[in-house]
There are 2 protein chains.
Amino acid sequence: MRIAELSERSGVPVPTIKYYLREGLLHRGELTSRNQARYGEAHLRRLSLVRALTDVGGLPVAAVREVLAHVDAPRSSTHNLLGRVLDAIPPAGQDGSPEEEDLARAQELVRDRGWNCHPDDPAVEGLAAVLAGYRRTGHPLGEEYLVRYAEAVEQVARVDLDTLRDTEELDEIIEGAVVGTVLGDALLAALRRLAQSRESALRAPGREN
Amino acid sequence: MRIAELSERSGVPVPTIKYYLREGLLHRGELTSRNQARYGEAHLRRLSLVRALTDVGGLPVAAVREVLAHVDAPRSSTHNLLGRVLDAIPPAGQDGSPEEEDLARAQELVRDRGWNCHPDDPAVEGLAAVLAGYRRTGHPLGEEYLVRYAEAVEQVARVDLDTLRDTEELDEIIEGAVVGTVLGDALLAALRRLAQSRESALRAPGREN
């Protein structure tokens, strides 16, 4: 198909597609003349992945490029690849710089839960940055609550991995992991707002529970 | 204290403090002369809340202003106020526009879980937008997984509300809810990355589980 049809079928405007081509987020089409290229189903699919990562996931172009590089790279094992891809996805809202006490606490939690990831995993520092945020606002997160959050999230991670079971193709698994990780954060945030309203209503005065 | 001391104790640069004053995110100090004002502990505390919302939570200034307006407004019941405050906090990454089928699915989940929030709750549309994102990338989220995520998040919401039990002051409760909601999304994202690594390693070939 030509770029106009690619635009129509994907819902992505032609100038945006050209921008993605320039930025290397989308593979060039097969040239049919000096100024025209032909695109296929692979382009359509890649476009919808790029769009999910940018529009819904809110990732900057540089992060999208890094994630796609991992998806396209020749791979060793699925597990190693998954780890590299997930490391490239920056969790939102962790700009604060953690101090020694926050890092120590994050590392201790990882050890206690038996999560044994490598010590320089960026997610450990990300966790420490969030703990620093709680502390600096004068609302440090109590140990009991941190552990209960970790337990709930272990349940989330089991679902995350289960969603990948339905696919056999390595490409699909990686793409699913990327989509599920980025969109999953937004999903959990949306579900949490709804569940909070309910839980807050249950505890309002004048009710039994 | 003068603005220089406020800056030193809060770690927020003087120009940033002046910007917050202009934008109405921080109350003006008590004027001691035509060009000088005195600030107190309340300013210090508000500064750290603003910083948490912007730096760690990633909220734009307009959203911070709206959240603070709710915190400062005369209040009816804690539950109602909590609801209004939480509604003002936009969950990240939900720019996609949901279609009818996504909205219907989100509303059905809310009904099935007994979350009975009001039908125009922005979080329902936020949830629908995320479901649309999964669908559009060609990785629609299966019903079984959605329900299991919802169960895990109900556990999260119970912890959320429990963290507010330790405080008696209404002001503190609201501030804690704001901090916990915004930072909590980042916390869950960070914990999820770590728990995913662990879960993925457990399932790698060559292991029993």
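Got a sec? Which helices (runs of 4 or more DSSP H) wholly within the stretch A:98-195 have at least 1 residues that are within 9 Å of chain B (Cβ to nearest Cβ) and in contact with a Gly (Cβ under 7 Å, 6 or more places away or on another chain)?
In the stretch A:98-195, the matching helices (runs of 4 or more DSSP H) lie at A:122-136, A:143-163.
Considering the stretch B:40-70 alone, what residues qualify as being crowded, with 19+ Cβ neighbours inside 10 Å and β-branched (Val, Ile, Thr)?
Listed by number, the residues that qualify are B:Val50, B:Thr54, B:Val56, B:Val64, B:Val67.
Residue by residue through the stretch B:72-102, note down the ones that are within 22 Å of B:Asp185 (Cβ to Cβ) and modelled with pLDDT of 90 or more.
Of everything in the stretch B:72-102, just one residue is within 22 Å of B:Asp185 (Cβ to Cβ) and modelled with pLDDT of 90 or more, namely B:Asp102.
What's the total number of residues in the stretch B:5-36 that are hydrophobic (A, V, I, L, M, F, W, C) and free of Cβ contacts under 8 Å to residues at least 12 places away in the same chain?
Matching residues across the stretch B:5-36 total 3.
For the stretch B:25-48, which residues satisfy the criterion of being of a type in the set (A, V, I, L, M) and not in a loop (DSSP other than H, G, I, E, B)?
Of everything in the stretch B:25-48, those that are of a type in the set (A, V, I, L, M) and not in a loop (DSSP other than H, G, I, E, B) turn out to be B:Leu31, B:Ala37, B:Ala42, B:Leu44, B:Leu47.
Which of the residues that make up the stretch B:1-15 are more than 14 Å from every other protein chain (Cβ to nearest Cβ) and in a helix (DSSP H, G or I)?
B:Ile3, B:Ala4, B:Glu5, B:Leu6, B:Ser7, B:Glu8, B:Val14, B:Pro15
Against the conditions (1) surrounded by 14 or more Cβ atoms within 10 Å (Cβ to Cβ); (2) more than 26 Å from B:Leu127 (Cα to Cα), where does A:Lys18 fall short? Just the number, please.
(1)
Filter the stretch A:148-174 down to the residues that are crowded, with 23+ Cβ neighbours inside 10 Å and modelled with pLDDT under 80 and list them by number.
Of everything in the stretch A:148-174, just one residue is crowded, with 23+ Cβ neighbours inside 10 Å and modelled with pLDDT under 80, namely A:Ile174.
Here are some residues: B:Leu31, B:Leu47. Which one is at pLDDT below 95 and within 14 Å of chain A (Cβ to nearest Cβ)?
The unique qualifying residue is B:Leu47.
The values are calculated or read from the model by the stated rules, or taken from the named source; none is laboratory data. It should be emphasised that the depicted structure is a prediction, and the values quoted were computed from it without experimental measurement. Positions of Cβ are generated from backbone atoms using ideal geometry, with glycine treated the same way; all protein chains shown enter the neighbour counts.
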